[in-house]
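Undergrad: Structure incoming, see below.
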Amino acid sequence: MKIAVIGCGYLGAVHAAAMASLGYETVGVDVDEAKIERLRRGEPPFYEPGLPELLKAGVDAGTLRFTTDVSEVAGSDVVFIAVGTPQRAGSDAADLTYVDASIESLLPHIGEGTLVAGKSTVPVGTAQRLADIVAPTGAALAWNPEFLREGFAVEDTLTPDRLVYGVADGDDASVARLDEVYAGILARGTDRLVVNFATAELVKVSANAFLATKISFINAMAELSETVGADVTQLADAIGLDARIGRRFLNAGLGFGGGCLPKDIRAFQARADELGHGQTLGFLREVDQINLRRRDRMVALIDGELAAVGGDRVAMLGLAFKPNSDDVRDSPALDVSRTLQERGRVVKAYDPEASETARRSVPTLEIVGSVDEAIRNADVLALGTEWQQFRDLDPAEVATKTAARVIVDGRNTLDARAWAAVGFKVIGLGRPDTAPAA
Ligand code: UDX
């Protein structure tokens, strides 16, 4: 079986490497020459645990190739579409430019027997429209959404919770083809659901909307907890023990960011508006607002502590939107850092992997090479991303390296008692402050 993957970003690069690891002759296609050059050397253009090894294995074995020439997809049995669908400039809707362009570019190179399988996250209705464009070539189209999380992309691709195939009515041939592609994964008993196009498209966006809602729900409880003196982490533990609710994705803090959840809930809302269902998904606007308010809260807490100690220097630990990623797209930690800086505060930030991406995104931000450098002259410490490195910090050692005696934990991840024991005031989001031990 020969596989092509159009788009070599997070989704496509991982998918191509995974396909090659399953033993298929795979070609990854992208218009970005620099990205393709790196991938050819077996180097991912972004940080993703496990991916370098997978890429190198495929490239060295000769089963995985990368090219900017789309004509090289000719002869492929399956062509996956894995290009980005970012938020459209000046609007909440998804920008389908890359999806449309990739389909157009494929048309001369596909035909009877080719399956075009969309993986990108698209507004409901897109797959049918694309199927109509592809039909005259004789190729078939399926929608096969991807649910990978950054930081776990390889694991999520090779051992997914479920496989979803969206196919045209009665298109058993496409189902059989996808079953063949995923045979190794299905053999492990992975659930596989065959649905129509609209359902497949909705599965993806509704899953992300649900996850975003779950996070904003607990962050709404955090807002209330701050007023009434409750502890949102204990609240999450307690309600999470109800199996119907579950503890996962109930971590209150700075909220969600990244290249998926924020733009996907906005695009979903925008699509619902177009469909005359604005009211149906109106709650997603609230979900977005609650999420963004947590960033304001973090800024206010840091500002308040700076005022209390009469200083203006902040050490920000973490800039990535979540740990194990160098992605700063819509990152709460980076957003808070930028806002503090705009308000005249002196921010020194450190992130184990995201320095480069953060520097490109906010060139004025001072990003240093170590925790020690960030905290040295700080008045207030802040944690924006829960990297293991920060969880492992020894508070006693930190206390010897900075005069700051306050840490604002934006991810409710530190052992507050251990920090308080060596003299820190620990402030979380949605929980009472932990006073320094006398
Ligand atoms: C998400 C979905 O999980 C994935 O299924 C989809 O395919 C793409 O979008 P990802 O963006 O990689 O994946 O990150 P995820 O691990 O879901 O985290 C998203 C954001 O939510 C992060 O900023 C994270 O810090 C935040 N989060 C997550 C919380 O604030 N609290 C939680 O309890 C969980």
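Undergrad: Here are ALA183, ALA200, ALA209, ALA187: which of them is closer than 29 Å to VAL232 by Cβ, at pLDDT 95 or above and not aromatic (Phe, Trp, Tyr)?
TA: ALA209 is the lone residue from the list that is closer than 29 Å to VAL232 by Cβ, at pLDDT 95 or above and not aromatic (Phe, Trp, Tyr).
Undergrad: Then there's this: Could you list, in sequence order, all residues of segment 28-53 that are surrounded by 24 or more Cβ atoms within 10 Å (Cβ to Cβ) and among the aliphatic types (A, V, I, L, M)?
TA: Matches in segment 28-53: VAL29, LEU39.
Undergrad: Here are ALA89, ALA101: which of them is surrounded by fewer than 22 Cβ atoms within 10 Å (Cβ to Cβ), more than 16 Å from the ligand (Cβ to nearest atom), free of Cβ contacts under 8 Å to residues at least 24 places away in the same chain and not in a helix (DSSP H, G or I)?
TA: Going through ALA89, ALA101 in turn, just one is surrounded by fewer than 22 Cβ atoms within 10 Å (Cβ to Cβ), more than 16 Å from the ligand (Cβ to nearest atom), free of Cβ contacts under 8 Å to residues at least 24 places away in the same chain and not in a helix (DSSP H, G or I): ALA89.
The rows are residues; the columns are (1) at pLDDT 95 or above; (2) among the polar types (S, T, N, Q); (3) buried (at least 24 other Cβ atoms within 10 Å of the Cβ).
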position	(1), (2), (3)
ALA349	yes, no, yes
SER355	yes, yes, no
GLU366	yes, no, no
ARG405	yes, no, no
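Undergrad: Being free of Cβ contacts under 8 Å to residues at least 24 places away in the same chain and either assigned to a strand (DSSP E or B) or away from the ligand (no atom under 16 Å from the Cβ) (or both) is the filter here, so list the residues in segment 124-172 that pass it.
TA: Result: ARG129, ASP132, ALA135, PRO136, GLY170, ASP172.
Undergrad: Answer with yes or no whether GLY344 is closer than 24 Å to THR434 by Cα and part of a loop (DSSP other than H, G, I, E, B).
TA: In short, no.
Undergrad: Among the residues of segment 173-192, write down those that are within 16 Å of the ligand (Cβ to nearest atom) and out of contact with any Pro (no Cβ under 8 Å at 6 or more places or on another chain).
TA: ASP191
Undergrad: Further question: Restricting attention to segment 408-418, does a residue exist that is within 19 Å of the chain's Cα centre (by Cα), crowded, with 22+ Cβ neighbours inside 10 Å and within 30 Å of SER216 (Cβ to Cβ)?
TA: For segment 408-418, residues within 19 Å of the chain's Cα centre (by Cα), crowded, with 22+ Cβ neighbours inside 10 Å and within 30 Å of SER216 (Cβ to Cβ): present.
Undergrad: Please determine whether any residue of segment 329-348 is over 19 Å from ALA404 (Cα atoms), of a type outside the set (Lys, Arg) and in contact with a Pro (Cβ under 6 Å, 6 or more places away or on another chain).
TA: For segment 329-348, residues over 19 Å from ALA404 (Cα atoms), of a type outside the set (Lys, Arg) and in contact with a Pro (Cβ under 6 Å, 6 or more places away or on another chain): present.
Undergrad: Return the residue satisfying two criteria in turn: it lies in segment 54-81 and is in contact with a Ser or Thr (Cβ under 8 Å, 6 or more places away or on another chain) and assigned to a strand (DSSP E or B), and of such residues it is surrounded by the fewest Cβ atoms within 10 Å (Cβ to Cβ).
TA: Filtering segment 54-81 for residues in contact with a Ser or Thr (Cβ under 8 Å, 6 or more places away or on another chain) gives 54, 57-58, 63-65, 70, 76-79, 81.
Retained after the next criterion (residues that are assigned to a strand (DSSP E or B)): 64-65, 78-79, 81.
On the way: LEU64: 27, ARG65: 19, VAL78: 25, VAL79: 28, ILE81: 25.
Per the stated criteria, the residue is ARG65.
Undergrad: Test THR434 against the stated conditions and say whether it is over 28 Å from the mean Cα position of the chain (by Cα), at pLDDT 95 or above and among the hydroxyl-bearing types (Ser, Thr, Tyr).
TA: Yes.
Undergrad: Let me ask another. Would you please name the residue that is farthest from ASP330 (Cα to Cα), looking only at residues in segment 358-388 that are within 16 Å of the ligand (Cβ to nearest atom) and assigned to a helix (DSSP H, G or I)?
TA: Per the criteria, the residue is GLN388.
Undergrad: Still on this structure, I have one more. For segment 194-312, list the helices (runs of 4 or more DSSP H) that sit wholly inside it and hold at least 3 residues that are more than 12 Å from the ligand (Cβ to nearest atom) and touching a strand residue (DSSP E or B) at 6+ places or on another chain (Cβ under 7 Å); which are they?
TA: Passing ranges, in order: 197-228, 283-309.
The values are calculated or read from the model by the stated rules, or taken from the named source; none is laboratory data. If you're wondering where the values come from, they're calculated on a predicted model, not measured in any experiment. Using ideal geometry, Cβ is built from the backbone for each residue, glycine included, and neighbour counts are taken over all protein chains shown.
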